[in-house]
Amino acid sequence: MSPTPFISRNDVLSWGRVHRQLQEVAAPRFCDELPALLDGSASTSCLAIGLRRSYGDSCLNSGGAVINMGGLDRLIAFDETTGMLRAESGASLSQILAFAVPRGWFLPTTPGSRFVTLGGAIANDVHGKNHHQAGSFGCHVSCFGLLRSDGSSHVVTKDNQPRLFAATIGGIGLTGVIEWAEIQLQRIGSAYLDVEIIPYVGLDEFWTIAEESVGKFEHTVSWIDCSSRGANFGRGIFSRANWREDEVFTPHDDQAWKNVPFDAPAFLLNRFSVAAFNELYFRASKAKTGIARQHYAPFFYPLDAFLNWNRLYGRRGMFQYQCVIPADEARVAITSLLDGIARSGQASFLSVLKTFGERASPGLLSFPRPGVTLAIDFPNRGVDTLNLLSRLDVIVSEAGGALYPAKDGRLSPEMFRRSFPRWREFLEHKDPIMNSDFWRRVAE
Ligand SMILES: Cc1cc2nc3c(=O)[nH]c(=O)nc-3n(C[C@H](O)[C@H](O)[C@H](O)COP(=O)(O)OP(=O)(O)OC[C@H]3O[C@@H](n4cnc5c(N)ncnc54)[C@H](O)[C@@H]3O)c2cc1C
């Protein structure tokens, strides 16, 4: 079969839409096209990409080639008694759920969007609201097929090639192309959860609720108001949930989208509109205090209801800043981060605070680790935003924390090395032709 040609495109953006550069793109439909594509891009560099739900530049390879894996989206095998699923790496979590939920199975853990591919979930070792119990996505991967640019093809498990396994989970696409993977799904008793909403008025309350929820609730997460100071500083809405057992297995509906059809004007998002939104959101959520039955789609994926919601940030796009702070330092550091953000007046309304559990992530460059993670969107206001994020880096760094490559588009090499002390070990497994804009910035 002749290889799919690479086509020059300037419309390949990541979710933050800040970075806009030409990419050479191939979109294969079959795994046997991949060796020729890797070979064909050997003179430059190459990167397998998924649905580009990463916010910054880890899924971009400007001036080089990218292989869009979205066409390799077949579910290959499923054992209905054990829940072991094998699928091509371009299959989306949405596809997997549409298949698995009616059969009484769910993803072992899921990020806040289901429009993420299996390959992307592994390459960023993503985490979800159940991290404190389930660990990261990579904890549930039993094996995968990896194609390297030297033409070798490996079936990798953590027993047969432990180092390549650890380098590829969370390896941001740099160890080769993941062709397919096998994951252990989780048995569920319903497509619905009992979700409890608890408003809190400050960080002290957050820590107490978070602590008491860890052992009793499988899923926990919190929205936090990053714009308020004074009496409302650190207020938020805590959600915690467990699966129901009512044996109703209705899957989600991907057609129920609302579209954001154009880039919103930048002035719409300012300190006043964000403060007003946060006030309304806090009050509306407070009115829902208590326990309610909720389908998994609005609980895990509230933003997926709006196709292209990232366009709300206007043409200049946005940065997301996600850090994790070790538990011992978290109270002080999270207070400082929130204080700096509230003073800057630059935050948007999308801000999430969550505690990670103790289960070790399997990847050399995995982001999830014990502690507390804060994720916040910032509209791109150029140098003002970059300066703010650098100030936040100092707080994270002094607290011994780390930043998440999946969300990043501006991290410095020093901060990367501090965040991922095993990066030298990782280098031994990096495929020589795989590269990304992120990697060129932090490691070359
Ligand atoms: C609304 C929203 C909510 C989110 N919530 C969370 C969350 O709660 N937790 C979390 O951890 N993340 C979260 N994310 C981030 C997202 O889960 C990750 O960025 C994920 O990796 C994106 O997958 P993708 O298929 O879009 O991959 P891309 O973004 O296209 O690529 C991600 C990385 O995977 C590599 N890659 C992709 N496919 C392959 C392959 N076949 N072989 C080798 N490498 C490959 C790429 O090279 C790149 O390094 C969220 C994103 C959005 C937009």
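List of remarks:
- Hydrodynamic analysis of the stretch 1-154 uses the Kirkwood radius over alpha carbon pairs. Inserted into Stokes-Einstein at 4 °C and 1.567 mPa s, it gives a translational diffusion coefficient of 79 µm²/s.
- Shape descriptor for the stretch 72-188: Rg over Rh equals 0.94 (Cα atoms; Rh from the Kirkwood inverse mean 1/r).
- Most mobile of A275, A399, A287 in a GNM of the chain (Cα contacts under 10 Å): A287
- Summed over the residues of the stretch 356-431 and divided among them, the accessible surface reaches 39 Å² per residue at a probe radius of 1.4 Å.
- Residues of the stretch 72-188: accessible area per residue with a 1.4 Å probe, Å²: 29
- Estimated distance in nm for a label pair at A98 and A276, the labels positioned 7 Å out from Cα along Cα-to-Cβ: 3.9
- Of all accessible heavy-atom area on the chain, the percent that carbon and sulfur account for (1.4 Å): 55
- In this label model, E211 and D253 are separated by 4.4 nm, measuring between points 7 Å along each Cα→Cβ vector.
- Computed over the chain: relative contact order in percent, which uses C-alpha pairs under 8 Å that are six or more apart: 19
- Global dimensions of the chain from alpha-carbon coordinates: Rg and Dmax equal 20.9, 66 Å.
- By a 1.4 Å probe calculation restricted to protein chains, F106 has an accessible surface near 0 Å², given to the nearest 10.
- In summary, the lysines within cross-link reach of K286, defined as a Cα separation below 23 angstrom excluding same-chain residues under 8 places away, comprise K129, K216, K354.
The values are calculated or read from the model by the stated rules, or taken from the named source; none is laboratory data. Just so we're clear, the structure is a prediction, and the values are computed from it rather than from any experiment. FYI the Cβ positions are ideal-geometry reconstructions off the backbone, even for glycines, and counts take in every protein chain you see. Only protein heavy atoms, including side chains, enter the accessible area calculation; ligands, DNA and RNA are left aside. Shrake-Rupley method; radii C 1.70, N 1.55, O 1.52, S 1.80 Å.
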